[in-house]
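Quick notes on the structure that follows.
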Amino acid sequence: MQEPRARHSFQTDDKTLLPIADKVMAGERLSFDDGVALYRTGDILAVGWLANWVREKLHGNLTYFNVNRHINPTNVCVASCRLCAFGLKKGEAGTYTMALEEAWQTAASGYSEAVTEFHIVGGLHPDLPFEYFLDLVRGLKERFPKVHIKAFTMVEVAFLAKRAKLSIEDTLKRMKEAGVDSMPGGGAEIFADRVRHIICDHKIDGGEWLETARKAHKLGLRSNATTLYGHVENDEDRVDHILRLRAVQDDTGGFQTFIPLSFHPENTALEHIPKTTGMMDLRQIAVGRLLLDNFAHVKSYWQMVSPKLAQLSLRFGADDIDGTVIEEKIYHEAGATTPQGMRRADLVRLITEAGREPFERDTLYRAVTRSEDTFTVAV
Ligand code: V47
C-alpha cells in the first residue's frame, strides 16, 4: 500500500475547505454543511485532492474492475419515469421480453472471456410472474454455477413482492434461494420526495428503497447504491441522498460500492435538460468518496461518464471502473455514445495508463485469476 501524502501538501485558496480538510485528515466524519460546501466550492482540484487522499489511504494504487455481462430481460415497464428512455408500455412498438431460453442464451453469448458476474435488471412488467424471474436465475445458476448473479434493484423487488403478494423479506429470501448472490444499486436516483415526484414518481419512495436495502443486507445479500445526478436536484438533495445511504450503512454494513450515475437526457421526457459536464461528474465522485466514510468503494462507471473521464476519476476518489458490461441498453436508449462493452484488455489499459494498478475482482471484491476462458476466485 502506498502511504497517503501528508497534510501539508493540501493547498487551496478557498478558506471554507480548510476545516473540512482537517476533518478528513483526522478521519472525522463530515457533516451535511461540509457536503454542501464541497459542492459549492470553485476549487474542484482541492476537492479531488482530498478525495484522492482518502482513496489512496483505503486502496493504495489498486483499481478494481470485473468481467461482467448485463442482461435486461424485458423493457416493458408499468412505470413512466421521466428520467428513463429504456422502459416502454406493454404493446408499444419496440418492446421486448426474453423467453427464458433466450435470456440463458444471451448470458452465454459474447466474448470468449469467461464472465464472473451477470448483472440483471429490467422493467416492471405487468404480467410476468415472480416465478419467471426465479426460473431465470435458477437456469443461469444451473448453466453457469461459477458466475455471481447480481440481480434486481430494490425497485424491482418491491414491485415483485406486491405482485406475488409476499413480504419484502420473503421475496428476497426466495430470490436468494433461487441463486441471487447480491443486488445492484439502481433505482435510488435522488431520495428527496420533491425530486422523485418529477423524475420517477411511479417508483417506490426513497424511504422504501432504503428499507428494502436494509432488509436485503439483514438477509446477507450485499448490494450497491447509486445516485442519479444532473437533472432537477440541488446540492442539498445530493448531500441528503448520500447521508441517508451513510446512515443505513452504519446499521447494516451491507453496501459495497457507491456509484454516481450521470443523467442522460436524450429520448427521455426531460430531454430539455443539458447533459452533465466533466466537472460535475468528477465532483460527484469526489464528494461521494469524502462523505461516505463507511463505504469501501466508489465506482466511476465508464459507460456513464466515458472511458476518458473514468480514467481521470481514478485521481478524484474512484477506485473502481465497473466491468466489460458487453451489452449496455439503458443509457444507450438515452443517447450514450460510449461503446456498449469493452474487452478486459481495454479496461486494463485504461487503468494502467492512469498510473493505477489493475485488480480484477469478482462482485465481492475477491481477487480473480484467469487463463483465457476460465477463472478462479481467491476465497
Ligand atoms: O436506476 C436510467 C439509471 C440505473 C437513465 O450496481 C439512467 O454495480 C442516466 O443502477 N440517464 C440503472 N441514467 C443502472 C444501475 C447500475 C449501473 C452499473 C452498475 C451498477 C451496480 C448499477 O440507470 C437506474 C437509473 O438511475 N438510468 N435512465 C438515463 N436516462
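Bear in mind that the values in this text are calculations on the coordinates, not laboratory data. Worth saying up front: this structure is predicted, and the values here are computed from it rather than measured. Glycine gets a Cβ as well: all are built from the backbone with ideal geometry, and neighbour counts include every protein chain shown.
Odds and ends about this structure:
- Net charge contributed by nearby residues that have their C-beta within less than 12 Å of Arg214 (K/R +1, D/E -1): -2
- Shown for the chain: cysteine residues without a partner Cβ closer than 4.7 Å, namely Cys77.
- Approximating the spin labels as points 7 Å out from Cα along Cα→Cβ, the Ala93-to-Arg40 distance works out to 5.0 nm.
- Placing +1 on the Cβ of every Lys and Arg and -1 on the Cβ of every Asp and Glu, with nothing else charged, gives the chain a dipole about its Cα centre of roughly 460 debye.
- DSSP beta bridge pairing in the chain, given as percent antiparallel to the nearest 5: 20
- Region 314-362 - Rg over Rh from alpha carbon coordinates, Kirkwood radius: 1.00
- Taking every alpha-carbon pair within region 63-377, the share separated by more than 31 Å comes to 23 percent.
- Stretchable slack from Ala247 to Glu28, in nm (0.36 nm times residue separation minus alpha-carbon distance): 77.3 nm
- Taking amide H positions as modeled 1.01 Å from N, with prolines and chain starts lacking one, the residues under 5 Å from Val76 and 5 or more places away or on another chain are Leu88, Tyr96, Gly123.
- The length gained by stretching the chain between Lys162 and Asp205 to full extension, at 0.36 nm per residue less their Cα-Cα distance, is 14.0 nm.
- Region 46-115 shape via C-alpha gyration tensor axes, a/c threshold 1.5: oblate
- Its residue count N fixes a reference of 2.2 N^0.38 Å for region 11-56, and the Cα radius of gyration divided by that reference is 1.02.
- Computed over the chain, the per-residue total of -39500 (n - 2.57) for DSSP H runs of n ≥ 4 gives a 222 nm mean residue ellipticity of -12500 deg cm²/dmol, rounded to 500.
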